[in-house]
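Nothing in this text is a laboratory measurement; each read-out follows from the coordinates by a stated rule. Predicted model only: the values in this text are computed from it and were never measured. Cβ sites come from the backbone with ideal geometry, for glycine too, and all protein chains shown count toward neighbours.
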Amino acid sequence: MKLSLKKVLSFLFVMVLMVGFSSCKKSSATSNSENSAKDFVKYDDIQKEFKETVNKLNWPEGYKAPEKLYDDVNAVYQEGYGDTLASNYWECAWQEEWLKNYKNNPKRAQKAIEELEKALNMRYLSKECCDDATRKFFTDRLDKAKANDPSGFEENLKLNDPR
């Protein structure tokens with residue numbers, strides 16, 4: 001049996017392509033499974049994370065923080081979801097506290113501003129969890145409130161309040 005150089009080269013080319021594609025597929029799958037094992041958690045894990053964060057935070061006087069999440073028990077969540085959601089409840093509670101008091105009770109309104117200033121050092125607004133535009137948006141709303149302009153907090157509560 002006589003093989004031509006063209007057939008041999010074609011065969012080798014196809015084999016190299018097959019090996020190349022199979023190795024790419026394998027490394028991609030390994031990479032994805034390693035990442036998902038680190039980044040995603042079950043409902044019980046985010047529930048625990050949520051409760052821990054709620055218990056660490058300072059809440060407005062008379063405000064009853066949620067005791068647990070009411071999300072899909074069978075879903076898979078990204079690590080940090082419980083912390084972020086608890087922090088969002090906290091942020092909205094203090095914004096509401098400021099809105100209730102900025103006209104008539106400057107002391108309580110100032111306490112709300114002081115609490116909200118802490119958000120800039122919290123995980124949910126950190127560079128690893130939040131983009132620059134969102135942090136700027138938060139800062140702009142806070143600056144408006146410091147100038148006695150309620151519009152930023154009102155807008156945020158209308159659009160983003162998880163309660």
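Size descriptors for the stretch 40-160: radius of gyration and Dmax over Cα atoms are 14.9, 46 Å.
In the stretch 52-117, what chymotrypsin sites (Phe, Trp or Tyr not before Pro) fall in a loop by DSSP, with at most 12 other Cβ atoms inside 10 Å?
Within the stretch 52-117, the qualifying chymotrypsin sites (Phe, Trp or Tyr not before Pro) (loop, at most 12 other Cβ atoms within 10 Å) are Y63, Y70.
Pairs from the table (K68/K100; K42/K111; K48/K144; K42/K146) lying more than 32 angstrom apart at Cα are K42/K111; K48/K144; K42/K146.
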